[in-house]
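Structure, as structure tokens:
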Amino acid sequence: MKTKKMKDILGKVAPLLALVLLFIVLSLATEKFFTLNNMMNILRQTAVNGLISAAMLVVLITAGIDLSVGANAILCACMMGMLKTSFGITNSLVLILVCIITGVFIGFLNGILLTKMHLPHPFVSTLGMKNVLCGLALFVVSTKTISDFPAAVTFLGSSNLFKVSGGFSGIPLCFIVLILIYIVYHFFLNKTALGRMIYCVGGNPEAARLSGINSDNILIFVYSLSGFMCSIAALVIVGRSAVANPSAAISPYDTDAIAACIIGGASFMGGKGTIWGTLIGALMISTIRNGLTLLNTSSSVQYIVIGLVIIAAVFIDVTRTRMEAKAKRLAAK
Amino acid sequence: MSNYLVELKGVTKRFPGVVAMRNMSLQIRPGEIHGLIGENGAGKSTLIKVLTGVHIPEEGSIYIEGNKVSFKNPNEAATAGIACVYQELNIVKLLSVTDNIFINKAINKKGSPFLDYTKMHEIAHEVMLSLGQDIAVKKECGSYGMGIQQMVEIAKAVLIDAKLIIMDEPTSSLGEKEVEQLMKTVRSLKEKGIAILFVSHKLEELFELCDRVTVMRDGEHILTKNTDELDNDSLISAMVGRTLDNQYPKIEAEPGTEALRVEHLNSAGVLRDVSFHANHGEILGFAGLVGAGRTETFRAVFGADPYDSGEIYINGEKVVIKSPKAGIRCGMAFLTEDRKGQGLVLSQSVRTNLILSNMRRCTKGLFFDEKQIDQLAEENISDLKIKTPTADEVVGQLSGGNQQKVVIGKWINTNADIYIFDEPTRGIDVGAKVEVYNIMNRLVRAGKCVIMISSELPEIIGMSDRVIVMREGRIMGELSRKTDVLNQEIIMKAAWGGEIR
């Protein structure tokens, strides 16, 4: 019994230990790494992936996947750009509202495709959606990069708290918001009926249906929530870069998010995953990127390392599942 | 040389906790059609799997044409000339008939790495023709009906020069004409000297086709006789001839008002004009063979599957139920036969599974009322005697019986009025079975309506107040504990094609 608990705890903190180890290695490798301002940089760089990972996590829990997350976020940003340039709308509230509506609507569509139109696996439908959205993003702003957004739109992505000019760069607001959202997620996933139903639909959709849970509605909600998180990520992207760049739609937001969730303990088989694990996963990825940049490695090496981390993460996922199955078999004897 | 093509002597096959086949003997003569019959779980499948090398028996010996063999895998059995056409066909629907026939023995052009399709098509066409099927072998297998797909399987067996072809309920998914064609083919195979082991649930087919019939029961050989020495009654009593153990704690409760009435329920190809009613305070048993439409009836009533026509009344009021959610709202609980696939979320805790059907009622404002859930889970665990270290244990870790109690707990927590138990004691040990019966008794005593679908006749007879027998999607008749003698032979006769008078 005791060893089992130890194993449980070890399994839970293993990603955290890996992150700490990574920090130690990078601190030893370069003195530029472990400084207050660089730590703030990492948090800043984590925000976008963290938000999109939260979108991805809930989808993964239902044994699904959403490959359209990145393209969705960029489309949300470009929709604001279109309103500004083509219609001359500069009212921040309108822009933000359209951004959020776009994201939620795209997510809702993904949910409908999966449940009501019976597409076989969300991999297919969201892959298709990703391409559609990439095209739409280019289309709505006529392939131009749009800049000069009103301050209220860029506020979330660009502001820093407790900033000292020339010294402390400040705590990025976007990361604080990310943490607040994660806390809401934590309570949502663990303490509400809807949250628990999401795990149950992921673990066994047929048992959930026969127990009176409307699996279709749950799935539509999950994909809509994913779209909502993408729209928030869009606001941070616009805030950080000060532009809406349609060609960013093909950036690997989706794979980064999947990697973060898997590193944090989610599984492609569904039914598993926690929001805090996902935070560690997202931090790990931005830390690797940040560290490698400080070490002056070329972008080619960064791609290779991130790629290997993704493979390792999936490998860890399947090995963990196999070990658990083996333990179960042994326990049954 | 021996007189027998295949002979089994004292073969025993054990699985953890059960003896699936005990001291089995069987003799099949060359070129005979040998029928095999027995109740669900009598050991027929085990016998087939031992003969085809899927299972390796612990004791006993198998002889083929007098030579002792011990198959280590299905390939060795095939080489020895034993082929099997399983109930679930092994057909790749998107490949052509030829490709399917040659799936593991394709012919190459001489001295070339490429397939000799001309030759393969020719042979495939010839074999199909010899089975009475003049079809285009280049077409996809899936474009043909079940009858022809089955013939493709038989063709595979013929091409490996099988001496014995086992057919596992070959007519179960065929139409009338296809059955006729199959019979013709089976007879022509016999003329070629191939022996057939014909496993079937349908007595009339056995009488029409077989030279001899073997009956199995509880994993043992009961009898083998020439078909002309047998009749319906003697076969049925041989199949069910066991004595009832007194392991059923039946209580007599006072039946109350009508809880559920179903009228003229139809579903194309599955249910035909099913009408019955169930009362409060009684256990209504549903007997019949696997596939008789019992589960399908209640999946339709509960809202899990759509149906074509029919009316459902609950407490005398007409209701329309289109989803399990609606079924639950009408006061129904449905314990499915497949508890792992349909009853539980194995990766979640006992606690979560216990509230799976009424999560929304366990909240206080936005969040779960953890205290209420803890209390409920503790109550369930002690009431139903669920053996689990804590309520937070993952359900997949529990034993079958305890998992089943969690499913029952889940439904009791919805405060349902009508409990449909589909094979409630399948795969659980005897002790847990009695506990499940006691829970059913408690429900009945509390005035609930309990419906029990079961393929175990002793259980049906031991626990039911009334019994309804189904066969091929129809209700064949009804027996009552008060007015009729509940006995296995009467029920079996109805289930296997007779009438209840």
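Any read-out appearing in this document is the output of simple, stated calculations on the displayed coordinates, not a laboratory observation. The structure presented is a predicted model; accordingly, all values stated were derived computationally and were not measured. Cβ coordinates were reconstructed from backbone atoms using ideal geometry, including for glycine residues, and neighbour counts include every protein chain displayed.
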**Item:** Sequence of B:Leu289, A:Leu17 once ranked by neighbouring C-beta atoms within 10 Å, starting from the fewest
**Value:** A:Leu17, B:Leu289
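If we count every other residue with Cβ under 12 angstrom of B:Ser480's Cβ, Lys/Arg +1 and Asp/Glu -1, where does the sum land?
Spelling it out: positives minus negatives among the neighbours equals -1.
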**Item:** Neighbour-count ranking [beta-carbon atoms within 10 angstrom, fewest first] of B:His201, B:His121
**Value:** B:His121, B:His201
**Item:** Computed log₁₀ I(q)/I(0) - Debye formula, equal Cα scatterers, no solvent, the stretch B:421-501, q 0.13, 0.16, 0.20 Å⁻¹
**Value:** -0.43, -0.64, -0.95
**Message:** Whole-Hz ³J(HN,Hα) for each residue in the stretch B:480-490, computed from phi via Karplus 6.51 cos²θ - 1.76 cosθ + 1.60 with θ = phi - 60°, x for glycine and proline: what do you get?
**Reply:** 10, 4, 6, 9, 10, 8, 7, 9, 4, 5, 5
**Fill in**
Among A:Val25, A:Val124, A:Val69, the residue with the largest mean-square fluctuation in a Gaussian network model of chain A built from Cα contacts under 10 Å is A:Val25
**Message:** Skipping prolines and chain starts, which residues have an amide H placed within reach, meaning under 5 Å, of the one on B:Met476, given they are 5 or more residues away or on another chain?
**Reply:** B:Val469, B:Met470, B:Arg471
**Message:** Need one value for A:270-278: mean number of C-beta atoms belonging to other chains within 10 Å of its residues' C-beta atoms.
**Reply:** 1
**Item:** For the stretch A:127-249: Kirkwood Rh in Å [reciprocal of mean 1/r, alpha carbons]
**Value:** 17.4 Å
**Request:** Under a 10 Å cutoff between Cα atoms, tell me which one of A:Leu114, A:Leu295, A:Leu138 has the largest fluctuation in the Gaussian network model of chain A.
**Result:** A:Leu295
**Message:** How charged is the neighbourhood of A:Ile218? Take every other residue with its Cβ under 13 Å from the Cβ of A:Ile218, and add Lys/Arg as +1 and Asp/Glu as -1.
**Reply:** +3
**Prompt:** Considering amide H positions built from the backbone, and no H for Pro or chain starts, which residues 5 or more places from A:Ser267, or on another chain, come under 5 Å of its amide H?
**Reply:** A:Lys272
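Going by a ≥ b ≥ c, the root eigenvalues of the Cα gyration tensor, does the stretch B:181-293 fall in the rounded group (a/c under 1.5), the prolate group (a/b larger than b/c) or the oblate group?
Here the stretch B:181-293 falls in the oblate category.
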**Request:** Calculate the translational D of the stretch B:1-119 in whole µm² s⁻¹ from Stokes-Einstein, where the hydrodynamic radius comes from the Kirkwood formula applied to all Cα pairs, the temperature is 20 °C and the viscosity 1.002 mPa s.
**Result:** 129 µm²/s
**Taking B:Phe421, B:Phe298, B:Phe15 and counting other C-beta atoms within 10 Å, the order from fewest to most** = B:Phe15, B:Phe298, B:Phe421
**Request:** Using a 10 angstrom cutoff on alpha carbons, build the Gaussian network for chain A and name the most mobile of A:Ser158, A:Ser226, A:Ser300.
**Result:** A:Ser300
**Asked** Taking a threshold of 28 Å on the Cα-Cα distance, which of the pairs B:Lys202/B:Lys410; A:Lys191/B:Lys322; B:Lys44/B:Lys340; A:Lys272/A:Lys326 fall above it?
**Response** B:Lys202/B:Lys410; A:Lys191/B:Lys322
**Fill in**
If one compares the long axis through the Cα atoms of helix B:400-412 with the longest principal axis of the Cα atoms of chain B, the angle in degrees, nearest 10, works out at 40 degrees
**Message:** Kirkwood hydrodynamic radius, computed over distinct alpha-carbon pairs, for the stretch B:362-501: how many Å, to one decimal?
**Reply:** 17.1 Å
**Request:** With no solvent and one equal point scatterer per Cα, compute the Debye intensity ratio I(q)/I(0) for chain B at 0.08, 0.09, 0.13 Å⁻¹ and report its log10, rounded to two decimals.
**Result:** -0.60, -0.75, -1.27
**Message:** Once you compute Rg and the Kirkwood Rh from C-alpha atoms, what is the Rg to Rh ratio for the stretch B:175-235?
**Reply:** 0.99
**Request:** Find the Cα radius of gyration of the stretch B:246-318, compare it with 2.2 N^0.38 Å by division, and give the number to two decimals.
**Result:** 1.23
**Fill in**
Expressed in angstrom and rounded, the centroid-to-centroid distance over alpha carbons for the stretch A:282-305 and the stretch A:20-59 is 10 Å
**Message:** Check which residues have an amide H placed less than 5 Å from B:Phe334's amide H, if you skip close sequence neighbours.
**Reply:** B:Ile420
**Request:** Please determine, in degrees from 0 to 90 and to the nearest 10, the orientation of helix B:117-130 with respect to the longest principal axis defined by the Cα atoms of chain B, where the helix direction is its Cα long axis.
**Result:** 80 degrees
**Request:** Give the Rg/Rh ratio for the stretch B:348-406, taking Rg as the radius of gyration of the Cα atoms and Rh as the Kirkwood radius, to two decimals.
**Result:** 0.97
**Asked** In the structure displayed, which of B:Lys68/B:Lys190; B:Lys156/B:Lys177; B:Lys13/B:Lys433; B:Lys119/B:Lys139 lie more than 18 Å apart, Cα to Cα?
**Response** B:Lys68/B:Lys190; B:Lys156/B:Lys177; B:Lys13/B:Lys433
**Prompt:** How large is log10 I(q)/I(0) at q = 0.06, 0.09 Å⁻¹ when the Debye formula is applied to the Cα atoms of the protein assembly as shown, each weighted equally and without solvent?
**Reply:** -0.54, -1.06
**Crossing angle, helix B:430-445 versus chain B [Cα axis fit, 0-90 degrees, rounded to tens]** = 40 degrees
**Request:** Hey, could you grab the Kirkwood Rh for the stretch B:13-65? Inverse mean 1/r over distinct alpha carbon pairs, Å, one decimal.
**Result:** 12.3 Å
**Request:** Could you estimate the translational diffusion coefficient of the stretch B:55-191 from the Stokes-Einstein equation, with Rh from the Kirkwood formula over C-alpha pairs, at 37 °C and 0.692 mPa s, in whole µm²/s?
**Result:** 203 µm²/s
**Prompt:** Based on the alpha-carbon gyration tensor of the stretch A:189-333, what equivalent-ellipsoid semi-axes (square roots of 5 times the eigenvalues) come out, in whole Å, largest first?
**Reply:** 32, 24, 11
**Per principal axis, descending, Cα span of the stretch B:119-199 in whole Å** = 31, 27, 16
**P(r), alpha carbons of the stretch A:44-180 - 5 Å bins starting at zero, rounded %** = 2, 9, 16, 18, 18, 15, 11, 7, 2, 1, 0, 0
**Request:** Could you tell me which helices of chain A pass both thresholds, a Cα extent of 24 Å or more along their own axis and a mean Kyte-Doolittle hydropathy of at least 1.6, with helices taken as whole DSSP H runs?
**Result:** A:92-115, A:173-191
**Prompt:** If you line up the Cα atoms of chain A on their principal axes, what length do they span on each, largest first, in Å?
**Reply:** 70, 54, 36
